[in-house]
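The values are calculated or read from the model by the stated rules, or taken from the named source; none is laboratory data. Just so we're clear, the structure is a prediction, and the values are computed from it rather than from any experiment. Cβ placement follows ideal geometry from the backbone for every residue including glycine, while neighbour counts extend to all protein chains displayed. Note: accessible area is taken over every heavy atom of the protein model, side chains too, but ligands, DNA and RNA are not part of it. Shrake-Rupley method; radii C 1.70, N 1.55, O 1.52, S 1.80 Å.
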Amino acid sequence: MKNHTPTSKALTCLLVGVGLNFATLTLQAQEKAEPVPKPESLRKRKVPEPSNLSGFVRDKKAAILLGKALFWDMQVGSDNRTACASCHFHAGADNRAKNQISPGLLRVDNYGNADPDKTFQIGGPNYTLKKGDFPFHKLSDVNNRNSTVISEANDVASSQGVFLEQFGGLDPLSKNEIRTVTPDDIFNVQGVNTRRVEPRNTPTVINAVFNLRNFWDGRAQDRFNGVNPFGQRDVGAYLWKADKPKDLKPVRISLNNASLASQAVGPPLSNFEMSATGRLFPELGRKLLNRRPLELQQVHRQDSVLGEVSRQPLPGINTSSYADLIKKAFRPEWWQGEVNLAADGTEPVGGAEDTMGLIELSKALKKAKKPRPTLTAYTHMEANFSLFFGLAIQLYEATLVSDQTPFDDYAEGNMSALSEQQKRGLDLFFGKAKCANCHGGAEFTKASVHHIKNDRLERMIMGDGGEAVYDNGFYNIGVRPTLQDLGVGGMDPFGFPLSESRLSKEFGEKVFKQVIGVDPNIKVKTDERVAAFGAFKTPTLRNIELTAPYFHNGGQRTLREVVDFYNRGGDFHEANINDLDPDVERLGLNNDEKEALVAFMRSLTDERVRRRCAPFDHPQLLLPNGHLGNASSVTNDGTGKAVDLMMQIPATGRNGGTPLRNFLE
């Protein structure tokens with residue numbers, strides 16, 4: 001496949017020359033001849049699952065147990081303090097407020113080249129967010145986007161991950177990671193490193209199994225290659241298969257309906273989220289395989305998945321190693337090979353890094369003048385650890401379906417399930433407010449498998465009356481200026497647009513099928529207009545009451561602020577770009593209508609999520625919550641890192657526990 005990048009041309013020229021659109025979509029006519037949306041219960045929606053799952057998993061129950069252990073286990077992080085759940089512990093999202101700000105790191109210039117803004121407008125590292133900081137774009141009149149701007153910030157409210165460190169291998173005896181602190185020119189207080197913060201807000205993992213693609217920019221592909229988030233885009237991704245122990249060979253795989261698996265294998269190697277720079281998945285496997293799952297954390301005896309193997313009051317579970325869990329969950333041809341796999345330190349084996357399109361790992365390894373101090377061969381199970389990790393976590397997350405809400409009761413015929421105010425809000429949601437144009441279906445997002453699997457591309461009428469092709473379920477609604485974050489308008493590490501509309505237009509149908517795995521449902525002409533830049537995946541609104549702050553930049557604190565945003569037709573409209581100004585439609589809602597909409601959205605809360613009942617119960621979690629000190633001064637731990645402040649989320653069983661506080665409440 002031919003590599004392609006648009007950065008050699010000005011993006012403004014691309015707008016004129018190939019019809020790509022930076023500006024916001026109009027909600028007035030996004031789909032042609034689409035019927036009026038109607039309320040649907042999620043209970044009737046089938047949970048997507050790979051059609052060839054049985055070729056990999058031999059015991060689904062065991063795989064779910066493995067996935068839940070991996071998701072909540074702090075040992076997955078290089079620092080033994082960072083789990084996947086560290087950013088997804090509160091209704092599948094993150095309610096922390098200290099050290100949760102990232103600057104505009106995803107900004108690009110007019111040519112599409114990275115132009116990160118490394119300055120902070122709100123507080124800076126280790127700052128504690130306050131209610132008064134929101135919204136990030138403050139106006140004198142919340143109903144008029146053209147009113148006086150009181151304050152403005154391109155910072156992002158997101159989630160703290162790990163310190164910037166270099167991976168130096170594993171200790172031969174303990175298998176602990178050898179890490180060296182790297183000075184961080186962005187995330188520091190007076191030269192002392194603080195934990196890094198992701199450049200986009202953390203979305204919930206609850207109901208994420210229904211998304212066709214995952215991550216805000218859709219880079220987690222619906223076809224899992226067993227190695228990294230990029231599916232068939234990465235022709236170099238392979239695993240090892242041994243039908244017989246001595247018959248070990250490299251193979252490429254593809255599991256459909258598996259974007260959660262694609263998503264899961266990104267953060268463990270990200271030097272923002274969970275990993276020291278340069279760690280590979282086989283090395284993570286070597287670290288974990290002989291360790292007791294969750295050995296640093298309590299597991300409730302009534303945990304709906306892990307309770308039967310709990311050791312409470314001792315930490316961890318009865319199964320002595322992750323290797324034992326993998327053998328029970330996965331077919332032997334994926335782990336039984338007897339031949340160790342050599343690695344010369346120049347290419348990842350069975351694993352790759354997800355770095356938001358920046359391939360730092362391979363460059364760093366090629367420049368290395370000497371091999372790592374330890375461990376240069378991988379077992380079959382270690383080499384395929386990314387497969388086990390991604391697929392097991394997908395199967396666990398597929399159980400996190402919140403379909404026990406007042407809205408679902410109402411949609412199934414219980415007319416008393418909603419209050420009169422919520423019913424008025426429902427009518428507005430599906431009518432005047434046009435919320436369902438993007439947040440439609442039982443999933444409350446048009447980015448779902450059910451909605452777009454057979455219609456990945458669609459045409460819509462833009463605000464200026466022209467027509468454009470777009471990635472179904474991805475919209476630019478004017479949250480921020482487009483150049484601050486291209487979203488699905490960006491590129492993957494292999495030279496292809498993340499946008500499937502752009503891919504079809506710029507590369508044609510043959511390459512589209514090779515990269516995506518299916519034929520495009522629309523043949524995009526070379527002179528046809530495409531809307532991709534600044535567009536993001538539509539998030540679900542289920543449990544939205546619990547998952548503040550909102551939007552990809554985390555710039556709105558309350559649901560009322562979100563409704564105000566839509567009521568004024570968004571915040572940013574770039575009429576100077578290609579003379580286009582397709583507006584998000586001004587809604588003209590009065591105060592009572594706004595409050596009714598907010599009340600309706602609260603009917604989408606599943607009380608099991610709020611109370612952390614099964615299937616949303618979980619092991620104990622100890623997680624960093626900023627650092628000792630403030631945004632002006634921190635305490636050095638002696639290695640150049642700020643001392644962590646830790647918080648505990650107690651383990652819950654199937655009957656749940658005390659609800660956690662919502663963000664800044």
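Checking each residue in segment 76-86 for being open to solvent by 10 Å² or more (accessible area, probe 1.4 Å) and either without any contact (Cβ under 8 Å) to a residue 12 or more places away in the chain or in a loop (DSSP other than H, G, I, E, B) (or both) picks out Asp79, Asn80, Arg81. Among the conditions (1) over 16 Å from Val479 (Cβ atoms); (2) in contact with a Ser or Thr (Cβ under 8 Å, 6 or more places away or on another chain); (3) touching a residue at least 60 places away in the same chain (Cβ under 8 Å); (4) open to solvent by 30 Å² or more (accessible area, probe 1.4 Å), the only one that His573 does not satisfy is (1). If you check Asp59, Asp73, Asp133 for being modelled with pLDDT of 95 or more, open to solvent by less than 10 Å² (accessible area, probe 1.4 Å) and out of contact with any Asp or Glu (no Cβ under 6 Å at 6 or more places or on another chain), only one passes: Asp73.
Within the set Gly278, Gly236, Gly266, Gly226, the sole residue that is among the small types (Gly, Ala, Ser) and open to solvent by 30 Å² or more (accessible area, probe 1.4 Å) turns out to be Gly236. Just one of the listed residues (Leu361, Leu375, Leu428) is over 21 Å from Arg45 (Cα atoms), assigned to a helix (DSSP H, G or I) and modelled with pLDDT under 95, and it is Leu361. If only residues of segment 596-653 that are touching a Phe, Trp or Tyr at 6+ places or on another chain (Cβ under 7 Å) and part of a helix (DSSP H, G or I) are counted, the one that is surrounded by the most Cβ atoms within 10 Å (Cβ to Cβ) is Leu597. Taking the condition of a type outside the set (S, T, N, Q), on the phi > 0 side of the Ramachandran plot and touching a strand residue (DSSP E or B) at 6+ places or on another chain (Cβ under 9 Å), does Gly231 pass? It is true that Gly231 is of a type outside the set (S, T, N, Q), on the phi > 0 side of the Ramachandran plot and touching a strand residue (DSSP E or B) at 6+ places or on another chain (Cβ under 9 Å). For segment 445-471, the candidate set comprises residues that are modelled with pLDDT of 95 or more and polar (S, T, N, Q); within that set, the residue that is farthest from Gly104 (Cα to Cα) is Ser448. For segment 428-444, the criterion of being open to solvent by 30 Å² or more (accessible area, probe 1.4 Å) and under 23 Å from the mean Cα position of the chain (by Cα) is satisfied by at least one residue. For segment 192-205, check the following and say yes or no: at least one residue is over 22 Å from Val479 (Cβ atoms), more than 24 Å from the chain's Cα centre (by Cα), in contact (Cβ under 8 Å) with a residue 60 or more places away in the chain and open to solvent by 10 Å² or more (accessible area, probe 1.4 Å). Yes, because at least one residue in segment 192-205 is over 22 Å from Val479 (Cβ atoms), more than 24 Å from the chain's Cα centre (by Cα), in contact (Cβ under 8 Å) with a residue 60 or more places away in the chain and open to solvent by 10 Å² or more (accessible area, probe 1.4 Å). For beta carbons closer than 7 Å, sequence separation of 6+ or different chains, a first residue in segment 596-620 that is farther than 30 Å from Glu308 by Cβ and a second that is β-branched (Val, Ile, Thr) and assigned to a helix (DSSP H, G or I), the qualifying pairs are Leu597/Val563; Val598/Val563; Met601/Ile544; Leu604/Ile544. One residue alone among Glu509, Glu593 is of a type in the set (Asp, Glu), open to solvent by 50 Å² or more (accessible area, probe 1.4 Å), part of a helix (DSSP H, G or I) and over 27 Å from Gly92 (Cβ atoms), and that residue is Glu509. Taking each residue of segment 488-510 that is under 17 Å from Tyr470 (Cβ atoms) and looking for partners that are surrounded by 22 or more Cβ atoms within 10 Å (Cβ to Cβ) and among the hydroxyl-bearing types (Ser, Thr, Tyr) with beta-carbon atoms closer than 7 Å, six or more apart or interchain, yields Val488/Ser499; Gly489/Ser499; Ser501/Tyr470. Just a yes or no: is a residue in segment 385-393 surrounded by fewer than 24 Cβ atoms within 10 Å (Cβ to Cβ), modelled with pLDDT of 50 or more and either assigned to a helix (DSSP H, G or I) or under 26 Å from the mean Cα position of the chain (by Cα) (or both)? No; the residues of segment 385-393 include none that is surrounded by fewer than 24 Cβ atoms within 10 Å (Cβ to Cβ), modelled with pLDDT of 50 or more and either assigned to a helix (DSSP H, G or I) or under 26 Å from the mean Cα position of the chain (by Cα) (or both). State yes or no: is Arg213 more than 23 Å from Ala85 (Cβ to Cβ) and either crowded, with 23+ Cβ neighbours inside 10 Å or among the aliphatic types (A, V, I, L, M) (or both)? So Arg213 fails the test. If you check Arg568 against the conditions, is it among the charged types (D, E, K, R), in contact (Cβ under 8 Å) with a residue 60 or more places away in the chain and under 30 Å from Gln302 (Cα atoms)? Here the answer is no, as Arg568 does not meet what is asked.
Take the conditions open to solvent by less than 20 Å² (accessible area, probe 1.4 Å), in contact (Cβ under 8 Å) with a residue 24 or more places away in the chain and either charged (D, E, K, R) or more than 20 Å from Asp222 (Cα to Cα) (or both) and apply them to Thr482. Does it pass? Spelling it out, Thr482 is indeed open to solvent by less than 20 Å² (accessible area, probe 1.4 Å), in contact (Cβ under 8 Å) with a residue 24 or more places away in the chain and either charged (D, E, K, R) or more than 20 Å from Asp222 (Cα to Cα) (or both). Pairs are defined by a Cβ separation below 8 Å, a sequence spacing of at least 6 or placement on different chains, a first member in segment 451-468 that is farther than 19 Å from Phe210 by Cβ and assigned to a strand (DSSP E or B), and a second member that is among the acidic types (Asp, Glu) and open to solvent by less than 60 Å² (accessible area, probe 1.4 Å); the pairs so defined are Leu457/Asp471; Leu457/Glu500; Met460/Glu31; Ala468/Glu528.
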